[in-house]
Amino acid sequence: MLKSAVSQFDKHAFRLLNIAQFFAVLNDNLFKFLTIYLLIDLLGKEASADILFWVGVCFVLPFLLFSTAGGVLADKFSKQKVIVWLKALEIVVIGFGFFAYYFQTVSGCYITLFMLCLQSAFLSPSKFSIVPELVRKEQIPKANSMITSSSYMAMILGTFLASFLTRVTERNFLLCISVCMGAAIIGFIASLYIPYTPPVRGKEKLSLFFVKQTIQTLTYCKKTPRLFLAVVGSAFFLFIGAFVQLNVIPFAMDFLHLSEVGGGDLFLGTAIGIALGAAIAGRLCKKEIDMGLSCFALLILSLALLFLPMMKHSVVGSVISLFVLGLFGGLYVVPLEAYIQAFSPSEMRGQVFAAENFLSFSGVLLAPFCLFLFGKIMKVSSAAGFTLMAVIIFTAFVIMTKYLGSQFIHFISKRSMHPFYHLHFIGYPFGPNFQEDRIAIVYKGRSVKNLMLLLGESAKLHLFFVKEKKEWWDACLNFFTNITLFYEGEKLEEKLKGISLQIRPVFIFRQDSLFDRFVEMGHMEKLTEESGYEVKKFGVKHVSHFKPELKHFLKRTWVTIQFETIQNSFKTKTALLEAIENCL
């Protein structure tokens, strides 16, 4: 039933979901700022600090307390039904907001905002976890980029509409909130036409101990390769965004000589950058979910924040830096969200997104504490605060690259080398079936270019550097989980024990003598006969360079790459050596 629904509605179902969630995000931000403006009118500007504090509490607290419950609902019931009922609840909550605005009750305004965010906390796991049920697997990165992009556009539009409507209607807040009601009704109608998705009947029950339930979900995520890292990495993104949004206001006031409103406007450049970066990431990840892109984007994020304090006396430079920050933020988060959607277990997908929500909004709460730590305790300026955050982000990049080293190297190699070469393969070994086709690759040479061409072909290669003795920089290489150093005298089978069937080992010999001794010691026999690998030799057979005339300048160099199979069974080591030498 699900399969037929997807095949019938995959062109339009996701658009309907995106419309529903777009107006939900717009309403959250529009009502939030309308409430701030109304309460400042009622209580006076001197109460603005208290108003901002309580609005922040009402906005964040539901996501911390009830995201886990929303994940359980998404896994127990039809996600489409959950979305419809919650969108209907949104209309009821906005209706309650009319009464709060009409009678101008402070507590009523706070309760309405809390209820609206409570509805969003329940909705968030369903709206993200339903995506793999509405689109094909190869469409998940693009779909996720569209959701991320439209969400930030909704935030921008909601923030803008709040001030625009307040000014145009001359602070007629009842007229302003009618726009919220219209947005809620449009989102509800769109949700009605999302195709039905059957419940997966998750076994998890609702629990008051949401922190314990979140820890259990995160522990379960560790069973799926890289899923835990994707969840934590995605939550880290919201922490960065919350810190930048807060710190940019004192930065603008202290160094750019803008008002607090002008500082808030600067963050709109970041939000626009995120929306654009998310759209670009969807195109880059069209064929595969490239988590190497997230590693690269995180590195640029740290550099952009490091560069921002240098622009502390230039408004234009600051705007450009914040835009670049947002652009690579969008490139960073989309592959992680897509990976969670594609690889989280279907019976727990809602709870996984609920756990991510909990971590994300914990990061939102942590951001002001970092601001307090940097400014009040460490006594550093807002510009230095950006520098310290850049160090934190770079540390996160190093940790992420430790576990995603193969994906990061694959991304760098593919994007920096492959566009300049037209590759022609002989005996291409990289098929989708890694578990049955156990392939080991031998590379004998010193050419970094050739090695990068190889690494750009697959993100599932594990590098074995065969060495004579230990050197001081070996500790740096051992830091990465996708690199193993193999020294003479070590047992090959012990090094291969920790290698997953989803990984293909690449043995790199920088010296001919090392390769000869590797064969003489019987390691090649163990690799082929005991470990069951089919060994292929990698090498560049032919390179055709185009002439330097202008008409040929833009053409790529033609490179022929050959993978030759080395025979798997030999009677003697001498015969083995002769066979390999014939290939090499």
Take the residue pairs Lys402/Lys460; Lys497/Lys526; Lys76/Lys286; Lys467/Lys541; Lys286/Lys449 and return only those whose Cα atoms are more than 19 Å apart. Lys76/Lys286; Lys467/Lys541; Lys286/Lys449
Sort the chain into rounded, prolate or oblate with this rule: let a ≥ b ≥ c be the square roots of the eigenvalues of the Cα gyration tensor; rounded if a/c is under 1.5, and if a/c is not under 1.5, prolate when a/b is larger than b/c, oblate otherwise. prolate
Going by alpha carbons, how many degrees (0 to 90, nearest 10) lie between the helix axis of 315-343 and the longest principal axis of the chain? 70 degrees
What spacing in nm lies between the two simple spin-label points modelled at Lys541 and Arg415, each 7 Å away from Cα in the Cβ direction? 3.2 nm
Each residue of region 483-488 in turn: what ³J(HN,Hα) in whole Hz from Karplus with 6.51, -1.76, 1.60 and θ = phi - 60°, glycine and Pro shown as x? 10, 10, 9, 10, 9, 4
Kindly write out, for region 133-139 in residue order, the coupling ³J(HN,Hα) from the Karplus curve 6.51 cos²θ - 1.76 cosθ + 1.60 (θ = phi - 60°), rounded to whole Hz, with x marking Gly and Pro. 8, 10, 10, 6, 4, 6, 8
Treating the angle as unsigned and between 0 and 90°, give the value, to the nearest 10°, between the Cα long axis of helix 173-192 and the longest Cα principal axis of the chain. 40 degrees
Quick one: angle between helix 140-168 and the longest Cα principal axis of the chain, in degrees between 0 and 90, rounded to 10, please. 20 degrees
What residues qualify as long-range amide H neighbours of Trp558, i.e. H under 5 Å apart, gap of 5 or more or another chain, H built at 1.01 Å from N? His422, Ser544, Phe546
Quote the relative contact order of the chain in percent (integer), defining contacts as alpha-carbon pairs under 8 Å separated by 6+ residues. 15 percent
Distance in nm between pseudo-label sites at Lys379 and Val448 (7 Å out along the Cβ direction from Cα): 4.5 nm
Between region 341-384 and region 106-179, the alpha-carbon center distance in angstrom: 19 Å
Defining a contact as two alpha carbons under 8 Å apart and six or more residues distant in sequence, what relative contact order in percent does region 207-403 show? 35 percent
Would you please give the residues with an amide H less than 5 Å from that of Val442, counting only those at least 5 places away or on a separate chain, with H modeled from the backbone geometry? Phe507, Lys536, Lys537, Phe538
Computed ³J(HN,Hα) along region 67-84: with the Karplus parameters 6.51/-1.76/1.60, θ = phi - 60°, integer Hz and x for glycine or proline, the list is 5, 4, 5, x, x, 5, 4, 5, 8, 8, 10, 4, 4, 5, 5, 4, 5, 4
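We did not get these values from a lab; they are worked out from the coordinates using the rules stated. None of the values given here were measured: they were computed from a predicted structure. For neighbour counting, all protein chains shown are included, and Cβ atoms are generated from backbone atoms with ideal geometry for every residue, glycine included.
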